[in-house]
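Quick notes on the structure that follows.
The values are calculated or read from the model by the stated rules, or taken from the named source; none is laboratory data. Model, not experiment: these values are computed from the prediction. Neighbour counts are summed over all protein chains in view; Cβ atoms, including those assigned to glycine, are modelled from backbone coordinates with ideal geometry.
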Amino acid sequence: MLAKIKPVIDCDIHPAVPGTSALIPFMDEYWQEQFRNREIDGLELASYPPNSPLACRPDWRTPGEKPGLSLERCREDALDTFTVEFAICNPLYGGQVAMSDLMAAALCTATNKWMAQEWLDREPRLRASIVVPTQNPELAVEEIERCASDHRFVQVLLLAGNELTLGKNRYWPIYKAAQRHGLPIGIHAGSMYRYPTTSCGWPSTFTQDYAHGTQLFSAQLQSLIMEGVFGKFPDLTFVMIESGVGWVPSYLWRVTKTWRGIRGEVPWVKRSPSAEVRDRVRFTIQPFDGPTNAEDVERLVNQLGSEDMLLFSSDYPHWQFDGDSPMPQGIPARLHEKITRENPLKTYTRLKG
C-alpha cells in the first residue's frame, strides 16, 4: 500500500497583480480620480522583471502572460502538485516603493483588498501577508488594524531593502501592532531602491542585484538585533523570505563574536545574537543556496544550531528549482515534517484555527 502523502504548508507564493487598473476599483473615490486624471491607471508596477528566466519556470509560463496571474494555474502547478494545505501569498507590487506615502498607502490597501477578493475568497487553501506602506508607519499600522480581523491574513510583509534599517524605532509602531495581533513580520527579498543594493554603488546587471540581496538581509538582521527590537518585542517572530540560508552560520558566528567584544555599547542586548536569531528568526527554504550533498546539508543544519529555523516554501511561480518537489536535495528526511508543517504552524499561529 502506498504511503499517504502528508499535506504541506507553503510559506511563500506570489500571485501577480494584473496591473494598476485592477486595483482602481479597490481605492476610494479620491484615489480613483487621481490615478485616472494623471493617466497612471495603466501603470505596470511589478517588482520582478516578467521576462527574466527567474520570474517563472518554463513549464509554468503562459506565453504573453505575466507569471502568477492565474489562480487556476496556481492550483494545478503548485497547490495540487505539492499537496498544499495552506499557502501564504506574498504579493509584491508598487505600493511598497512609491515615493508618496499617501499613494503608497492607497496602493497597499487596494492590493490587500484585491488579494482577499480575487484569491482568498476563491481558494480556501490560501492565506496572505498584509502589505503595508513603511514610508509612513502610522498609515502602516492603520492597514494592519484594518486587516487584522480577517484571520486569513497571517503576516505583515516588509521589504529587505527599505528606506532605513528596520531596527530603527521609526518602525516600532509596526512591530507593536503586529505583536498585538499575533502576526509575524515577513522580510522579503526586494528593495525600495532608495539606495544601491551594494555597499559601494549601483550594480550593472540584474544578476548582480539579485545576488547582493544577502547583504540587505544581513544588514537588516544586524539592525534588529543591535537596536534592541528583540528585547522590546519579546513575542514577535521575524521571517526572512527568499534570503537563502547558506550565509547564516558564518553570520551568526561573526555577529556573536563581535557582540562579546563590544557588548558594552549595546547593554540592552541581553542575550547572545545567535541565541536570539535561533529563537526568533525563521528562513524560507527557496531559493536554497546550500550544498546538494546530504552530508554537507546535514553539516549546514548543525551549524545553524537549530532545527526550528527552516520553513517550507516553493516561491511559485519563480524558477528556483526543477521537478515536482521544492524540498532541496540533501535535506535530511527526519526534518521534512518539521520544515513542511511543524515549524510553519509554530511560526504562523493563525493557521491553527
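Numerical summary
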{"item": "Subset of the stretch 180-195 that is in contact with a Ser or Thr (Cβ under 9 Å, 6 or more places away or on another chain) and outside any loop (DSSP other than H, G, I, E, B) - its residue that is surrounded by the fewest Cβ atoms within 10 Å (Cβ to Cβ)", "result": "SER191"}
{"item": "Number of positions in the stretch 149-176 that are polar (S, T, N, Q) and without any contact (Cβ under 8 Å) to a residue 12 or more places away in the chain", "result": "1"}
{"item": "Members of the stretch 182-201 found to be of a type outside the set (Val, Ile, Thr) and under 18 Å from the mean Cα position of the chain (by Cα), listed by number", "result": "GLY182, LEU183, PRO184, GLY186, HIS188, ALA189, GLY190, SER191, MET192, TYR193"}
{"item": "Every residue from the stretch 273-289 that is of a type in the set (Val, Ile, Thr) and either closer than 11 Å to LEU236 by Cα or surrounded by fewer than 20 Cβ atoms within 10 Å (Cβ to Cβ) (or both)", "result": "VAL281"}
{"item": "Some residue of the stretch 118-126 being in a helix (DSSP H, G or I), of a type in the set (Phe, Trp, Tyr), under 21 Å from ILE9 (Cα atoms) and modelled with pLDDT of 95 or more", "result": "yes"}
{"item": "Any chance CYS108 is within 30 Å of LEU345 (Cβ to Cβ) and in contact (Cβ under 8 Å) with a residue 60 or more places away in the chain", "result": "no"}
{"item": "Scan of the stretch 281-296 for residues that are in contact with a Leu (Cβ under 9 Å, 6 or more places away or on another chain) and β-branched (Val, Ile, Thr), ordered by number", "result": "VAL281, THR284, ILE285"}
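Results for (1) among the β-branched types (Val, Ile, Thr); (2) modelled with pLDDT of 95 or more; (3) crowded, with 22+ Cβ neighbours inside 10 Å; (4) touching a His at 6+ places or on another chain (Cβ under 8 Å), shown as yes or no for each residue.
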site	(1), (2), (3), (4)
HIS151	no, yes, no, no
GLY161	no, no, yes, no
THR197	yes, no, no, yes
LEU221	no, yes, yes, no
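Per-residue answers, yes or no, for (1) within 19 Å of PRO18 (Cα to Cα); (2) touching a helix residue (DSSP H, G or I) at 6+ places or on another chain (Cβ under 6 Å); (3) surrounded by fewer than 17 Cβ atoms within 10 Å (Cβ to Cβ); (4) without any contact (Cβ under 8 Å) to a residue 60 or more places away in the chain:
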| site | (1), (2), (3), (4) |
| --- | --- |
| LYS66 | yes, no, no, yes |
| GLU72 | yes, no, yes, yes |
| ASP80 | no, no, yes, yes |
| THR83 | no, no, yes, no |
| ILE88 | yes, no, no, no |
| PRO91 | yes, yes, no, no |
| GLY95 | yes, yes, no, yes |
| MET99 | no, no, yes, yes |
| LEU102 | no, no, yes, yes |
